[in-house]
1. Accessible area of the chain with a 1.4 Å probe: how many percent of it is carbon plus sulfur?
2. Are there chymotrypsin sites (Phe, Trp or Tyr not before Pro) in segment 41-139 that DSSP marks as loop and that have at most 16 other Cβ atoms within 10 Å, and which are they?
3. Considering only protein heavy atoms, what per residue accessible area in square angstrom results for the chain with a 1.4 angstrom probe?
4. Based on the alpha-carbon gyration tensor of segment 52-107 and its eigenvalue square roots a ≥ b ≥ c, which shape applies: rounded if a/c is under 1.5, prolate if not and a/b is larger than b/c, or oblate?
5. Ordered by residue, what ³J(HN,Hα) values in Hz, to whole numbers, does segment 109-121 give under the Karplus form 6.51 cos²θ - 1.76 cosθ + 1.60, where θ = phi - 60° and Gly and Pro are x?
6. Along the positive direction of the dipole of the chain (beta-carbon charges: Lys, Arg +1; Asp, Glu -1; about the Cα centre), which of Ser46, Phe57, Phe136 reaches farthest?
7. Per 10 Å bin from zero, what fraction in whole % of the C-alpha pairs of the chain is there, up to the bin with the longest pair?
8. Relative to the longest principal axis of the C-alpha atoms of the chain, give the angle of the C-alpha long axis of helix 122-140, reported between 0 and 90° and rounded to the nearest 10°.
Amino acid sequence: DFMVQLSIVIGPALAIPSNIFTKFLSDRYAAKYLFISCVLLFSFGSLICALSNNIIFFLMGRALQVLGDAGVSILGFVILSDLFPHSLSLGRYLGFNSILSSLAIVPSPLIGAWILSHYHWRWIFLLLFIFSVILFLLFLW
């Protein structure tokens with residue numbers, strides 16, 4: 001019971017310092033390569049969660065997922081501001097990014113519940129791994 005509560009609390013506890021650190025790193029290094037690194041970190045965390053046999057490995061995978069996701073979330077805005085500096089269309093693209101993120105929140109619990117009711121819970125993390133690898137390959141292209 002304690003470990004389940006810990007897995008819920010681990011997200012915000014790691015995300016806030018990670019956001020600050022990611023912004024600091026993006027000022028020093030290219031945001032594109034940092035974004036790719038965060039996607040790989042999220043992918044590796046998803047794979048660890050999917051293959052975990054105990055709660056310790058699962059929590060380690062969740063921690064890597066949170067760190068990667070926090071970086072991807074922040075760096076998406078950084079990359080957009082790098083692509084459209086001092087442009088009137090920057091607001092349009094930032095708004096479009098926010099709308100898509102908000103719309104993705106609605107069906108996600110329904111899709112997750114459907115997967116859990118028809119398949120094993122590991123499939124959620126395997127699908128996250130597959131989608132993040134596809135994102136990684138698209139970003140390299």
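The values are calculated or read from the model by the stated rules, or taken from the named source; none is laboratory data. As the structure is a computational prediction, the values presented were derived from the model and not from experiment. Every residue, glycine among them, receives a Cβ derived from its backbone with ideal geometry; neighbour counts consider all protein chains shown. What goes into the accessible areas is simple: the full protein's heavy atoms, side chains included, and nothing from ligands, DNA or RNA. Shrake-Rupley method; radii C 1.70, N 1.55, O 1.52, S 1.80 Å.
1. On the way: 7130 of 9440 Å².
The value for the chain is 76 percent carbon and sulfur by accessible area.
2. Counting only loop positions with at most 16 other Cβ atoms within 10 Å, the chymotrypsin sites (Phe, Trp or Tyr not before Pro) in segment 41-139 are Tyr119, Trp121.
3. 67 Å²
4. Judged from the Cα gyration tensor, segment 52-107 comes out oblate (a/c at least 1.5, b/c at or above a/b).
5. My calculation for segment 109-121 gives x, 5, 5, x, 5, 5, 4, 5, 7, 10, 9, 7, 4 Hz in order.
6. Most positive-ward Cα: Phe136.
7. 11, 35, 38, 14, 3, 0
8. So the helix axis and the longest Cα principal axis differ by about 20 degrees.
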